[in-house]
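Shown next, in structure tokens, is the structure this report addresses.
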Amino acid sequence: METQITREVAPSVWHGWGDPGHARPLGTSALAFLKSGLGVPDVEPRHGPVGLDQVQLSPSTLTESGPGAEALAALRRACGAEHVSTERMARILHAGGKSTPDLLRRRGGDALDAPDAVVFPDGDEEVRAVLAACAQHRLAVTPFGGGTSVVGGVEPHREGFTGTVTLDLGRMDRLLSLDPVSRTATFEAGIRGPALEAALAQHGFTLGHLPQSHQQATLGGYLATRSAGQASTGYGRSDELVSSVHLETPAGPWDAGRDAPGTAAGPDLLHLAVGSEGVLGVITSATMRIAPVAEHHAHGAWSFPSFAAGVEALRLLRHEGHPGDLPQVCRLSDADETFSTLRQGGWKTSALASYLRTRGQQTPALALFVWEGSAEDTRRSRRRSTRILQSAGGVPVGPLPAKAWEHGRFSGPYLRDELLTRGIYVETLETATTWARMDQTYRQVREAIHGAVRDGGGTPFVLTHVSHVYPDGASLYFTTLAGLEQDPLAQNARIKAAASRAIMDAGATITHHHAIGRDHAPYLQEEIGALGIQVLRSVKDTLDPVGIMNPGALIPAPSANANANANVHTTEDNA
Ligand SMILES: Cc1cc2nc3c(=O)[nH]c(=O)nc-3n(C[C@H](O)[C@H](O)[C@H](O)COP(=O)(O)OP(=O)(O)OC[C@H]3O[C@@H](n4cnc5c(N)ncnc54)[C@H](O)[C@@H]3O)c2cc1C
């Protein structure tokens, strides 16, 4: 079966998120509250993006009359001239991802890193031909799915190359096959979240993978970054849902993984390809485990006297609850995020706050849950979970907060564009750690962010939540709001460095789901060891001998290692 899906692509604005037509403006009182809390002067917006005509690009090295003419002709032969673009808009749209520093740069008119050309191959053979042309002409290749990376994953890297090419998988967006008996489906890698779900829904199935970037992100991007969705506590992360992938590498095609439920055939090479962030090759298709669409969603919200009490409740739910009762969505906000959520959601904050005070909760931490399944199963799961949550100090506050969250869950990213325009810095970062280290990690990272903002003369709001629950621990996700400083890129770098250091010092992971990209690469050695980096480099040398695949991402440049492990003997670097 081969089904052509009409691609449901919301036009992505070059300086922000998604389709600005879908943005909902921040309420006046919420904005006033933020500005006064953060000490941002109450003046008219002054940080808007420059006009498109003011955006600066380096001249493309791939022109018909310049030294790159042969390379351009080779790319055109590989996937058709109409699918190779050196146009200004295509280059700007592929200049980087969607992190706050990415947006700050583009809003300020800097697209100097834009690729020299963007290619849109269709099918394995065309991808293979593009890679061959790039290897022959020494062009760096950046695989590009939805371009929603927030860790510098899709920034072209020019140094040491004759030019840069971004390989956009947008034309490869088909459902290739579906096996309803085994509950697996094979897709091309460029399919975006909504189109993937729509294709499965026609057959009564879902992948259940809904990252907040779902509308823009692609299956290949999910797998290349090991993404986690909002319902991953129930359905599993993308790296748990995948059963096999096909890669086109400069060394040739590679099928990683076998469509078998389990295998003992040596080390797990599938998971070398998954999470490889475009540095080993291009994921062109993948087989995923799917589930029947749930007939019913049951919602619940509980408030806890503190974040620590809420974390303990989630741990008990995981450790002492019936495994089948675990909600698909499991989110716990700390007191600051709870306050912000209730305020933004237009909840009767004061009424709820005074009710919770009467129940002994001065700084409530709100937990939201969604159970999916049959009406009877979800009712039973909620009832049994209620016992555990109440025994851990939870006060039920009805289903509405969880329903409101579910309703508005994809609109949050639009707010960042408005906040930046209004002079408010906002960025997120994440980690995961064990239950035993949760509280200490939470406190250390928060304190580091507060300290870094204070060093610039500001006072931040730091909002935190847990959104993925595992047997041995959970994720932690931090959102920082502060007044934009004179040099917002320096401000961002200072906050990010402080938080990353605190994460590493707390023994947590540098990333739970955003991946490594270029931003986290200096910390990878501290996480996986010098020998681990060497293993990655030698795999890269095998699959990408010329080193054209996404250089600078994932595998750190030797000088970028935050902490070299002196006990490991490293060979001469050849990455
Ligand atoms: C507003 C917002 C919300 C987000 N929410 C979440 C979330 O809830 N959970 C989460 O996990 N992440 C989230 N992210 C991060 C990001 O969306 C994910 O990392 C996502 O998986 C990236 O998918 P993409 O298709 O956009 O990949 P891209 O950004 O295009 O690429 C990401 C990396 O993967 C590589 N790559 C992409 N496609 C391929 C391919 N086919 N083959 C080989 N390499 C490839 C790229 O070279 C790059 O290194 C969010 C980002 C934003 C901006």
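Observations on the model:
- Unmet criterion (only one of (1) within 15 Å of the ligand (Cβ to nearest atom); (2) farther than 23 Å from residue 33 by Cβ; (3) at pLDDT 95 or above; (4) hydroxyl-bearing (Ser, Thr, Tyr)) for residue 477: (2)
- Matching helices (runs of 4 or more DSSP H) fully within segment 281-363 where at least 1 residues are closer than 30 Å to residue 244 by Cβ and of a type in the set (D, E, K, R): 307-320
- Single residue of segment 138-195 satisfying the filter (polar (S, T, N, Q) and outside any strand (DSSP E or B)) that is farthest from the ligand (Cβ to nearest atom): 182
- Residue, surrounded by the most Cβ atoms within 10 Å (Cβ to Cβ), within segment 25-69, restricted to residues that are of a type in the set (D, E, K, R) and not in a loop (DSSP other than H, G, I, E, B): 35
- Identity of the residue in segment 520-529, among the hydrophobic types (A, V, I, L, M, F, W, C) and within 16 Å of the ligand (Cβ to nearest atom), that ends up surrounded by the most Cβ atoms within 10 Å (Cβ to Cβ): 521
Residues checked against (1) in contact (Cβ under 8 Å) with a residue 60 or more places away in the chain; (2) open to solvent by less than 10 Å² (accessible area, probe 1.4 Å):
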site	(1), (2)
452	no, yes
456	no, no
466	yes, yes
471	yes, no
483	yes, no
500	yes, yes
503	yes, yes
507	yes, no
537	no, no
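- Single residue of 532, 517, 547 found to be open to solvent by less than 30 Å² (accessible area, probe 1.4 Å), small (Gly, Ala, Ser), assigned to a helix (DSSP H, G or I) and at pLDDT 95 or above: 532
- Meets criteria (out of contact with any His (no Cβ under 7 Å at 6 or more places or on another chain), surrounded by fewer than 20 Cβ atoms within 10 Å (Cβ to Cβ) and in a strand (DSSP E or B)) for residue 433: no
- Scanning segment 100-137 for residues that are of a type outside the set (A, V, I, L, M, F, W, C), open to solvent by 40 Å² or more (accessible area, probe 1.4 Å) and either within 11 Å of the ligand (Cβ to nearest atom) or within 26 Å of residue 490 (Cα to Cα) (or both) gives 105, 108, 110, 113.
- Within segment 143-162, residues that are on the phi < 0 side of the Ramachandran plot and modelled with pLDDT under 95 have Cβ atoms under 7 Å from residues that are part of a loop (DSSP other than H, G, I, E, B) and more than 8 Å from the ligand (Cβ to nearest atom) in these pairs: 157/551; 157/552, counting only partners at least 6 apart in sequence or on another chain.
The values are calculated or read from the model by the stated rules, or taken from the named source; none is laboratory data. All values reported here derive from a predicted model rather than from experimental measurement. Heads up, the Cβs are rebuilt from the backbone with ideal geometry, glycines too, and the neighbour counts pull from every protein chain shown. Remember, those area values only see protein heavy atoms, side chains included, never the ligands or the DNA or RNA. Shrake-Rupley method; radii C 1.70, N 1.55, O 1.52, S 1.80 Å.
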